[in-house]
1. Under a Cβ-Cβ cut-off of 10 Å, what is the net charge of the residues other than residue 410 that fall near it, where Lys and Arg count +1 and Asp and Glu count -1?
2. Among the listed pairs 130/251; 126/225; 14/43; 43/155, which have their C-alpha atoms separated by more than 26 angstrom in this model?
3. What area, in nm² and to one decimal, does the C-alpha convex hull of the chain cast on average over all directions?
4. With the crude spin-label approximation of a point 7 Å out along Cα→Cβ, what separation in nm comes out for residue 249 versus residue 82?
5. Quickly work out the residue 180-to-residue 13 label distance, labels modelled 7 Å from Cα along the C-beta direction, and quote it in nm with one decimal.
6. Which order do you get for 382, 92 if you rank them by accessible area with a 1.4 Å probe, largest at the top?
7. Sort 196, 285 by heavy-atom solvent-accessible area, probe 1.4 angstrom, most to least.
8. Using a 1.4 Å probe on the protein chains only, how many percent of the accessible area of the stretch 185-327 belongs to carbon and sulfur?
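The values are calculated or read from the model by the stated rules, or taken from the named source; none is laboratory data. As the structure is a prediction and not an experimental result, all values here were calculated from the model. Note: ideal-geometry Cβ built from the backbone for every residue, glycine included; neighbour counts use all protein chains shown. Please note that ligands, DNA and RNA were not included when accessible areas were found on the heavy atoms of the full protein model with its side chains. Shrake-Rupley method; radii C 1.70, N 1.55, O 1.52, S 1.80 Å.
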Amino acid sequence: MNTLRFDLSKDGNKFKILNATNGGPWHKRHANDQGRSNFSDYKAARIPYSRNHDSGVIGIYGGPYSHDISAIFPNFDADVNDPDSYDFACTDESILICTEAGTETFFRLGQTIEHQVVKHNVFPPKDFKKWAEICEHIIRHYNEGWANGYALGIKYWEIWNEPDLDIYQDYKRTWTGTSEEFFDLYETAAKHLKERFPHLKIGGPASCGREEWIEEFIKEMAKRKAPLDFLSWHIYCSEPEWISVRGGKVKGWLLENGFTQTENHCNEWNYVKGWTGDDFIYSIRSMHGAKGAAFVSAAIALAQASTIDMLMYYDTRPSVFCGAFDLYTYEKLKGYYPLYWYGKFYDMDREIPSENKVDNVYSLCGVDKEGKALVQITYYSDDDNAENKTVSVDLGKTGRYEVYLVDENHDGELVDTTENLTFDLKRYSILLIKEI
């Protein structure tokens with residue numbers, strides 16, 4: 001018998017922001033041809049932040065007319081101080097949809113990846129200072145009402161996306177310049193924006209995850225005394241532990257270089273076994289099923305105990321990487337439930353870590369102000385032949401509990417109301433246990 005024990009009398013930490021996402025709800029505010037929407041389901045998940053990188057790829061968010069600097073400020077030679085130089089409408093729409101869903105925007109200042117044969121906007125800006133001033137006016141539009149704007153209080157502003165993705169090869173999709181050129185851009189923009197908005201969080205660089213490059217970037221920014229309120233990085237893998245392990249490395253490099261207050265953000269992540277051939281097809285299929293859901297749940301549980309401050313799942317826009325909603329119908333997939341259920345832990349007074357470990361079983365436990373427990377148990381292994389596992393939950397007291405289940409045959413529904421907390425878990429299963 002495998003038993004997970006939780007001492008509900010202990011003090012614990014607050015639950016971190018671990019169900020943030022890339023991409024907001026699929027919804028329209030501006031038209032009456034809605035057809036489909038996942039607004040209610042998205043809102044119910046209590047997603048705290050939505051990173052708006054790549055969300056301009058699809059038409060419902062504004063397509064090529066939203067989010068990117070080249071979309072908002074289409075003529076780089078225009079007057080940076082003239083409101084007529086800016087096209088905010090589509091970006092406004094997407095951000096306001098997120099706001100109405102109770103989700104704050106995590107604003108990526110930069111460009112969408114370009115997979116096409118000819119690149120158009122992923123070049124180093126021809127004037128780094130002017131680029132920074134454009135970003136300044138974008139911030140003023142959303143936070144200070146400039147150019148018929150808003151007072152949204154958007155807190156996080158990220159400089160660029162994955163400048164290191166193709167840094168060692170000729171074919172470049174996100175940044176065609178050198179590392180040194182990017183370091184110059186980041187330094188120029190971060191110093192300018194932090195001077196103008198000292199109360200906001202300015203950071204980046206949304207690294208694709210090249211560890212030697214991340215370490216070099218951190219060292220270089222320390223040498224240049226550039227602001228770095230958060231360090232963002234990405235990882236796609238098949239073992240949830242790898243996410244937290246990388247988070248630990250990043251935290252170590254930050255501390256070694258004097259960035260003691262810098263937040264540690266993994267703001268793109270998902271299950272990927274491999275990027276080519278059969279492995280990639282397998283990865284996409286897994287994302288959309290019970291295995292992908294269990295991976296997400298396990299990764300969130302591990303991150304709560306790690307040095308990571310924020311996780312941002314990639315993604316909830318209509319794409320093959322969305323394991324939360326169906327690409328065509330917008331209906332909930334199994335991967336929705338780890339995000340939705342984690343939102344319930346924000347109501348807990350404190351987290352209670354398990355006092356012991358069970359191989360391939362991952363847990364979250366919280367206690368509310370009335371002393372009632374909420375527990376999530378995940379059985380994940382990358383081995384598709386993993387056998388069922390019996391797990392018992394010991395909360396140190398008797399009680400009555402509702403049990404909800406995600407596995408290959410269940411989609412988050414209530415499956416039992418019981419006093420018995422011993423469960424026979426299939427591979428890729430997730431239980432939510434709620435004391436009543």
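1. Cβ neighbours under 10 Å give a net charge of -2.
2. 130/251
3. So the Cα hull casts an average projection of 21.4 nm².
4. Placing both labels 7 Å beyond Cα along the Cβ direction yields 4.8 nm.
5. That separation, rounded to one decimal, is 4.0 nm.
6. 382, 92
7. 285, 196
8. 52
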